[in-house]
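Below is one structure, written out as structure tokens; comments come after it.
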Amino acid sequence: MRLVRFLMKLSNESVVVELKNSTVVQGTITGVDMSMNVHMKNIKFTVKGKPPVSMDHLTIRGNNVRYVILPDSIPLDTLLVDDAKRLPKAVGGVQFLSLDGSPVQLGHAAAALRDKRPQQVMLETCAERQVLNSRLTEEEVSPETGEQGRVLSHGDAIAFVHGGLRGSDARALTAVAEEVGSQVYAVDRSYRETQNRVARRLFLHPQELLAFSRYAASALSAGSEDPSRISEQCPAAVIQILGSEREQHMASEITKRIVDGATVFVICTESRLAALKELVAQGAAHGDKADAAASRIWPFLLIMVYAVPAVLRTAAVNGSHAVAQAVHSLSGCREAIMGDEDVALMKITAKKNVAFYMRAAASFLRGTEDKKPVQELRVTALGEAIGIVASVASRCEKESLATIKEIKTDYADVQTNSGTTRGCAQLQVVLQNTSSGAKA
């Protein structure tokens, strides 16, 4: 980490780098990432026995560098200042910008980046989400998509439910930062880690699952992270995971990555702004309080991992788009069994999409020509298909077909094709019929 900071101090300085294969590279350092890859511009490199070659940009892998020759004008005593002694001064010079998800604030942040040209830009996102953001379609990247509003991507759903910058916003800011030569850092905790911690909490306290499911559906439908919605609908323990724990982690990452004398921008959501300012000013003295044991992959995590991409599409602005969720099934063919005239059990697999199962659920709850409506519908699934259960249950409530009466979770033993037994996450949602076709 100290070597990375040392190289960051050389930003915009002209240096000579000799590689292990004896190639000599001359140019200006524009940045260095955490993998020790050195980014340079105005390149002239020379291979022994060949004429020099010029290039606009070049990235050198850190493990290929033999040594770096610094210009005489750089004072070494400044470069070698101890990190602990310089941190409070550096932290005090950080500039914070917040986004509320609107194109206007995104435009202001982009303009500030172009105007100030900071050397370091810290974003409230993680490396995994940055990869997702790089794959966004043109429709998802566009700040507006006509009358139906902005399109939700997988990264957006993560941000709205678990916190962080919207995917298209993070992608746009990253592009502007790279355009002006800034080094970009994703300082948020891994979204999978956050999902895992939430899942573990809900697995151990299933009575909180219904409140969180409704909060998640509300956040996706509204298309934003609303602090008031979180405080009203989300369980207190989950609020701590999504809020204060992430704030401590980000403040710790920011203070570790700051380079003395660098211009630093921290761009975050409005809900995290005040806490981050305070924690960074304190030097994140308390550190990241995240429990290391949370890295264990809890079986119930599947609900969060697979429900988010499924639900987000059903929660599009107009609320009427069907979902195609093409994942492999763990539990065989779809089966619907009538228990009696008032109760039905619908077993879901991932071979069919949410739209298919919504039609099936509607036929149970509204009735058909030859079958009357059921009063209670139990929707159940194993493994990857549990995300579809969450989607169907949320849509049934949204379309006033039923209310969620009960949620049951289990970690069942299932027989695989090879004859071995393995544990598999299981989810059952009990829906109480509220449709106009239900009997009194």
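The values are calculated or read from the model by the stated rules, or taken from the named source; none is laboratory data. Please read all numbers here as calculations on a predicted model, not as lab measurements. Note: ideal-geometry Cβ built from the backbone for every residue, glycine included; neighbour counts use all protein chains shown.
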Boolean, GLU144 is modelled with pLDDT under 80 and not in a helix (DSSP H, G or I):
yes
Considering residues that are surrounded by 24 or more Cβ atoms within 10 Å (Cβ to Cβ) and either without any contact (Cβ under 8 Å) to a residue 60 or more places away in the chain or assigned to a loop (DSSP other than H, G, I, E, B) (or both), the number found within segment 350-381 is 7
Going through segment 49-96 in order, the residues found to be at pLDDT 80 or above and of a type in the set (Lys, Arg) are LYS50
Restricting the first residue to segment 27-54 and requiring it to be charged (D, E, K, R), which pairs with a second residue that is at pLDDT 80 or above and part of a loop (DSSP other than H, G, I, E, B) meet a Cβ separation below 6 Å and a spacing of at least six or different chains?
LYS44/PRO52; LYS48/SER22
When you scan segment 157-222 for helices (runs of 4 or more DSSP H) that lie fully inside it, which ones turn up with 2 or more residues that are modelled with pLDDT of 80 or more and among the β-branched types (Val, Ile, Thr)?
167-179, 191-204
